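J.: Quick one: the structure is below, and I'll ask about it shortly.
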Amino acid sequence: MAGEHTLTPTTEAKSALLRVRGLSKHFDHVVALSDVSFEAHSHQVLGLVGDNGAGKSTLIKLISGVHRANAGEIYLADQQIAFETPRESRDAGIEVIYQDMALVNELEVWENVFLGRLLRNNFGIIQRKRMIEEAAHLLERLGLHALSPTTQVGYLSGGQKKGVAISRALYWDTRLIFMDEPTAALAVFEIRKVLEQIETLRQGGVAVVFVSHNLKEVLATADRVMVLHRGQLTGIRNAKETSEDEIIRLMMGTA
Amino acid sequence: MLAVVTIAFIIVEPRIFSVRILINVLEHSSILGILVIGMIFCLLAGRFDLSSESTLGFTALVGAWMVSTNVNFGSGWLLPPLVVVILMLAMGAAIGCLNSFFIIKLRVNAFIVTLAMLLAFRGFTYVFTDANTMYDLPGSFIGLGSYSIGGLLPLSVILFVGLFVVSQFVLSYTSFGRDLYAIGGNPDAAFAAGIRVDRRTLTAFILSGMLAALGGWVLAGRLQAVTINLAQGMVFEVFAAAVIGGVSLAGGKGNMIGPLGGVLLLGMITTGLSVMPISSLWVDAVRGVLILVAVVLWRVTEIYEERWRASTL
């Protein structure tokens, strides 16, 4: 693991799942992201922090195909990618858990797990029973034993909804997962559960990019932490070797 | 609700309870039913299609013009009825595409777009025929709307019930149907999950247009003529049937079974009122109030159901 955290990307391990080089994006005259380079590794959690407007969401949207970059390159497992739609990025194994979680309250749990990718038989008929069983299995893996896959999502608590969104990622052989503020607005015991679920993902070999405003949480969960300030990368640090103070200075652009 | 109204009518006017009149209710409901199916596809995706009754009127009229054997106003093309029907369905699909173009590509509100189309296509219908009525339609063209098996069970009733069954199946068991719920419930989530939101919405509007054209064919057959005000004002009942049947105007909620009940309820009310000894001036007022009562009753049961569900969690 030595050298993982350094600022010079060339020295990082070749096995990086995601490599981003010089990524830039502007909306009209507003620069949202400027020349950002970093890597994310399988079996690791990368913390992504920065103030509101620092470019965190833009970064996620560029990689997941919601927006197109103006400059820069993105490599997934050494293959250059430039997704046109979220559908393409999902097919490549990239999952995003948005802050508003992108769940459909009107639908049941199992259907949200399989949203946009319903399992079908040879006649094009959806396999409801199979999906309900698979969903139950996934929820169990995430420690959500009490949650029935046929409950309507609108009736769930915030933590349970996060669990549903995460179970989606588990099922689809996801290689890279972005989690935008997964612990925001949750009760304490629910936060613990979500952090456990992140650990489950990491052990399963997924590269997790974890966005949070809670620095204690990030430092406790992430292997490395990258900091954005006004669209620019101000630093990448090994979580064990940095401090909240240093991260805050990077966030303010005064490091 | 349906049962209550039926019983009420039977008590007040026992003559209504005859097979002939009940079949009559079903037959008169078939056009409304076909339009309701198209509307539900759009409503589930969180959109409206107000234009379907004008699409029905316009495609029926152009179809009748193409197929009519009357030399005074017909096209004189003498096309085979089957070709004409295919052309009508294509016109319906084209109007659906046009609606979608404004709604999806230009992002104009569906309500305004289809309201304008409702007016425009009714207008085109007037202009197209100089306000003439089209008749002298060949027997094979009017068959679907006018033929009854054994003189008792109209083909149109079989068609309309069959369409409800098929469309319910589509909603429950195909990814198109399920995607409509997701799009209507949370379009951003649907898009982020990789659902082709625009394509699904386009399909819903095309289906609505084609179903309207199909309805036009059936209605032209039943009346054996097409007038310029065919199905005019039906959009109100289409919405009422959908809402009574539990379809949410906000999208993402509902099915086909409930609205089928709504369609039959409205058919019952209309037929019931027409055989009741009341002044025809009162019919619309009574109909409006009854529909309002039905919608309110449905909403009340829904509120109680929500409370019950919340209390069991």
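J.: Just to be sure, is A:His229 within 15 Å of the chain's Cα centre (by Cα) and at negative phi? Before you say what the answer is, go through the steps one by one.
T.: Values: within 15 Å of the chain's Cα centre (by Cα): no; at negative phi: yes.
No: the conditions fail for A:His229.
J.: Can you find, within region B:150-177, the residue that is nearest to A:Phe83 (Cα to Cα) among those that are within 9 Å of another protein chain (Cβ to nearest Cβ) and among the small types (Gly, Ala, Ser)?
T.: B:Ser175
J.: Same structure, new question: Working only within region B:33-49, note down all residues that are modelled with pLDDT of 95 or more and among the hydrophobic types (A, V, I, L, M, F, W, C).
T.: Within region B:33-49, B:Ile34, B:Leu35, B:Val36, B:Ile37, B:Met39, B:Ile40, B:Phe41, B:Cys42, B:Leu43, B:Leu44, B:Ala45 meet the criteria.
J.: Here's another thing I want to ask about it. Among (1) surrounded by 15 or more Cβ atoms within 10 Å (Cβ to Cβ); (2) under 21 Å from B:Met134 (Cα atoms), which single condition is B:Leu78 missing?
T.: (1)
J.: In addition: Taking the conditions exactly as written (at the interface with chain B (Cβ under 8 Å from one of its Cβ atoms), within 30 Å of A:His26 (Cα to Cα) and of a type in the set (Ser, Thr, Tyr)), does A:Thr58 satisfy them or not?
T.: On the way: at the interface with chain B (Cβ under 8 Å from one of its Cβ atoms): no; within 30 Å of A:His26 (Cα to Cα): yes; of a type in the set (Ser, Thr, Tyr): yes.
Against the criterion (at the interface with chain B (Cβ under 8 Å from one of its Cβ atoms), within 30 Å of A:His26 (Cα to Cα) and of a type in the set (Ser, Thr, Tyr)), A:Thr58 does not qualify.
J.: Tell me the residue from A:Gln99, A:Gln160, A:Gln152 that is under 30 Å from B:Ala310 (Cα atoms), under 15 Å from the mean Cα position of the chain (by Cα) and of a type in the set (S, T, N, Q), please. So that I can check it myself, show each step before the final result.
T.: Working: A:Gln160 fails: under 15 Å from the mean Cα position of the chain (by Cα); A:Gln152 fails: under 15 Å from the mean Cα position of the chain (by Cα).
Result of the check over A:Gln99, A:Gln160, A:Gln152: A:Gln99.
J.: Taking the criterion of being surrounded by 24 or more Cβ atoms within 10 Å (Cβ to Cβ), hydroxyl-bearing (Ser, Thr, Tyr), part of a helix (DSSP H, G or I) and touching a residue at least 24 places away in the same chain (Cβ under 8 Å), would at least one residue in region B:42-51 satisfy it?
T.: No, every residue in region B:42-51 fails to be surrounded by 24 or more Cβ atoms within 10 Å (Cβ to Cβ), hydroxyl-bearing (Ser, Thr, Tyr), part of a helix (DSSP H, G or I) and touching a residue at least 24 places away in the same chain (Cβ under 8 Å).
J.: In region A:224-242, which residues are farther than 23 Å from A:Gly22 by Cα and either part of a strand (DSSP E or B) or in contact with a helix residue (DSSP H, G or I) (Cβ under 8 Å, 6 or more places away or on another chain) (or both)?
T.: First, pick out the residues of region A:224-242 that are farther than 23 Å from A:Gly22 by Cα: A:239-242.
Across region A:224-242, the qualifying residues are A:Ala239, A:Thr242.
J.: Name the single residue that is modelled with the lowest pLDDT among those in region A:98-108 being at negative phi and touching a strand residue (DSSP E or B) at 6+ places or on another chain (Cβ under 8 Å).
T.: Let us first name the residues in region A:98-108 that are at negative phi, namely A:98-100, A:103-108.
In the following step, the residues that additionally are touching a strand residue (DSSP E or B) at 6+ places or on another chain (Cβ under 8 Å) were identified as A:98-99, A:105-108.
Details: A:Tyr98: 82, A:Gln99: 75, A:Asn105: 92, A:Glu106: 91, A:Leu107: 94, A:Glu108: 95.
By that ranking, first place goes to A:Gln99.
J.: Quick one: which of B:Gly254, B:Gly261, B:Gly272 is on the phi > 0 side of the Ramachandran plot and either touching a residue at least 60 places away in the same chain (Cβ under 8 Å) or under 18 Å from the mean Cα position of the chain (by Cα) (or both)?
T.: The match here is B:Gly254.
J.: Quick one: would you say B:Ser248 is closer than 30 Å to A:Phe114 by Cβ, hydroxyl-bearing (Ser, Thr, Tyr) and surrounded by 24 or more Cβ atoms within 10 Å (Cβ to Cβ)?
T.: No, not satisfied.
J.: Output yes when any residue across region A:187-207 is touching a residue at least 40 places away in the same chain (Cβ under 8 Å), among the small types (Gly, Ala, Ser) and out of contact with any Pro (no Cβ under 6 Å at 6 or more places or on another chain), and no when none is.
T.: Step one: of region A:187-207, the residues touching a residue at least 40 places away in the same chain (Cβ under 8 Å) are A:193, A:196-198, A:200, A:202-203, A:205-207.
Next, from what is left, pick out any that are among the small types (Gly, Ala, Ser): A:205, A:207.
Now restrict to residues that are out of contact with any Pro (no Cβ under 6 Å at 6 or more places or on another chain): A:205, A:207.
For region A:187-207, residues touching a residue at least 40 places away in the same chain (Cβ under 8 Å), among the small types (Gly, Ala, Ser) and out of contact with any Pro (no Cβ under 6 Å at 6 or more places or on another chain): present.
J.: Additional query: For region A:75-114, which positions are among the β-branched types (Val, Ile, Thr), within 30 Å of A:Tyr155 (Cβ to Cβ) and either touching a Pro at 6+ places or on another chain (Cβ under 8 Å) or more than 9 Å from chain B (Cβ to nearest Cβ) (or both)? So that I can check it myself, show each step before the final result.
T.: We begin by selecting, within region A:75-114, every residue among the β-branched types (Val, Ile, Thr); these are A:81, A:85, A:94, A:96-97, A:104, A:109, A:113.
Narrowing the set further to residues that are within 30 Å of A:Tyr155 (Cβ to Cβ) leaves A:94, A:96-97, A:104, A:109, A:113.
Residues satisfying the conditions are A:Ile94, A:Val96, A:Ile97, A:Val109, A:Val113.
J.: Report whether or not B:Phe205 is part of a helix (DSSP H, G or I) and surrounded by fewer than 21 Cβ atoms within 10 Å (Cβ to Cβ).
T.: Values: part of a helix (DSSP H, G or I): yes; surrounded by fewer than 21 Cβ atoms within 10 Å (Cβ to Cβ): no.
Taking the combined requirement at face value, the residue does not satisfy it.
J.: Out of region B:178-189, which residues are within 7 Å of another protein chain (Cβ to nearest Cβ), part of a helix (DSSP H, G or I) and not charged (D, E, K, R)? Full working, then the answer.
T.: Let us first name the residues in region B:178-189 that are within 7 Å of another protein chain (Cβ to nearest Cβ), namely B:178, B:181-182, B:185-186, B:188-189.
Okay, now just the ones that are also part of a helix (DSSP H, G or I), so B:178, B:181-182, B:185, B:188-189.
Selection gives B:Tyr181, B:Ala182, B:Gly185, B:Ala189.
J.: Using beta carbons and a limit of 8 Å, which pairs, at least six apart or on different chains, have the first residue in region B:292-313 and within 14 Å of chain A (Cβ to nearest Cβ) and the second one assigned to a helix (DSSP H, G or I) and at pLDDT 80 or above?
T.: Going by the 8 Å Cβ cut-off, the qualifying pairs are B:Arg309/A:Tyr155; B:Ala310/A:Tyr155; B:Leu313/A:Tyr155.
J.: Name the residues in region A:115-155 that are at positive phi and within 14 Å of chain B (Cβ to nearest Cβ), would you? Break it down stepwise before answering.
T.: Kept after step one, since they are at positive phi, are these residues of region A:115-155: A:116, A:124, A:143.
Those that are at positive phi and within 14 Å of chain B (Cβ to nearest Cβ): A:Gly116, A:Gly124.
J.: Are any residues in region A:148-170 touching a helix residue (DSSP H, G or I) at 6+ places or on another chain (Cβ under 6 Å) and surrounded by fewer than 19 Cβ atoms within 10 Å (Cβ to Cβ), and if so, which ones?
T.: Within region A:148-170, the subset touching a helix residue (DSSP H, G or I) at 6+ places or on another chain (Cβ under 6 Å) is A:149, A:151, A:153, A:159, A:162, A:164, A:166-168, A:170.
The answer is A:Thr151, and nothing else.
J.: Return yes or no: is B:Arg178 of a type in the set (Lys, Arg) and touching a strand residue (DSSP E or B) at 6+ places or on another chain (Cβ under 9 Å)?
T.: Details: of a type in the set (Lys, Arg): yes; touching a strand residue (DSSP E or B) at 6+ places or on another chain (Cβ under 9 Å): yes.
Answer is yes for this residue.
The values are calculated or read from the model by the stated rules, or taken from the named source; none is laboratory data. Note that this is a predicted model, so its numbers are computed, not measured. Positions of Cβ are backbone-derived with ideal geometry, glycine not excepted, and every protein chain shown enters the neighbour counts.
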